1. Quick check on this structure: which one of Asp110, Asp115 is out of contact with any Asp or Glu (no Cβ under 7 Å at 6 or more places or on another chain), assigned to a loop (DSSP other than H, G, I, E, B) and charged (D, E, K, R)?
2. Looking at the stretch 89-112, which of its residues are open to solvent by less than 10 Å² (accessible area, probe 1.4 Å) and at pLDDT 90 or above?
3. Pull out all pairs, ordered by first then second residue, where Cβ-Cβ is under 8 Å, the residues are six or more apart or on different chains, the first lies in the stretch 38-50 and is without any contact (Cβ under 8 Å) to a residue 24 or more places away in the chain, and the second is assigned to a strand (DSSP E or B) and aliphatic (A, V, I, L, M).
4. So, in the stretch 141-158, of the ones that are at pLDDT below 95 and outside any strand (DSSP E or B), which residue ends up least open to solvent (accessible area, probe 1.4 Å)?
5. Anything in the stretch 113-127 that is open to solvent by 50 Å² or more (accessible area, probe 1.4 Å) and either closer than 15 Å to Glu137 by Cα or in contact with a strand residue (DSSP E or B) (Cβ under 7 Å, 6 or more places away or on another chain) (or both)? List them, or say none.
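The values are calculated or read from the model by the stated rules, or taken from the named source; none is laboratory data. Remember, it's a predicted structure, so these values are computed and weren't measured experimentally. Virtual Cβ from ideal backbone geometry, glycine too; neighbours counted across all protein chains shown. Note: areas computed on protein heavy atoms with side chains; ligands, DNA, RNA excluded. Shrake-Rupley method; radii C 1.70, N 1.55, O 1.52, S 1.80 Å.
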Amino acid sequence: MATITFREATIDDAPLLRYWDSQPHVLVSGHDEDWNWEEELPKKHDWREMLIAEIDGRQIGIIQIIDPALEETHYWGHTPPNMRALDIWIGEPDDTGKGYGTEMMRQAIDRCFNDPAVTAILIDPLVTNVRAHRFYERLGFIFVENRYFADDSCLIFQLSRSEYYK
């Protein structure tokens, strides 16, 4: 497989991200909200990283890494310190099923756990996204609970540092 690298997402990525947001495989995964890319991408926060995944300079996806205890909307509610939460999507349907998502997640997990204080990582796929559930479980994530975020019924999965490095 080709080498996947991450770079910080910039305002120049906004048109591509809006296009990816409109793709049916992205919409079915629950990414149907307006991310307000033009507004969000220029903002720099200590609690968030927005990373474009590339292969040989071609954008294939995006990963968002947040500290859920510090994130300003408190989307995750009360969470203990030293955790991270991830959002991931592959932009083009032709780039799915090739192992890119697995490699992106492995790199993102390593990036999170490179901070020795981080104890666990959360992810929240829709209840209906059974394919994502199996994907996260293969990576070592363990089901924690069902939870509603606004109108979205989600399953919460967690990957602890101790389980990942077991």
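1. Going through Asp110, Asp115 in turn, just one is out of contact with any Asp or Glu (no Cβ under 7 Å at 6 or more places or on another chain), assigned to a loop (DSSP other than H, G, I, E, B) and charged (D, E, K, R): Asp115.
2. Met104, Met105, Ala108, Ile109, Cys112
3. The qualifying pairs are Glu40/Met50; Arg48/Ile65; Arg48/Ile66.
4. Ala150
5. Across the stretch 113-127, the qualifying residues are Thr119, Val127.
Condition check ((1) assigned to a helix (DSSP H, G or I); (2) open to solvent by 70 Å² or more (accessible area, probe 1.4 Å); (3) at pLDDT below 95) across all residues:
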position	(1), (2), (3)
Phe6	no, no, no
Leu16	yes, no, yes
Asp34	no, yes, yes
Glu38	yes, yes, yes
Ile63	no, no, no
Glu72	no, yes, yes
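Residues are listed down the side, and each one gets a yes or a no for (1) of a type in the set (A, V, I, L, M, F, W, C); (2) touching a residue at least 12 places away in the same chain (Cβ under 8 Å); (3) touching a Pro at 6+ places or on another chain (Cβ under 7 Å):
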position: Ile60; (1), (2), (3): yes, yes, no
position: Trp76; (1), (2), (3): yes, yes, yes
position: Met83; (1), (2), (3): yes, yes, yes
position: Asp87; (1), (2), (3): no, yes, no
position: Thr96; (1), (2), (3): no, yes, no
position: Asp124; (1), (2), (3): no, yes, no
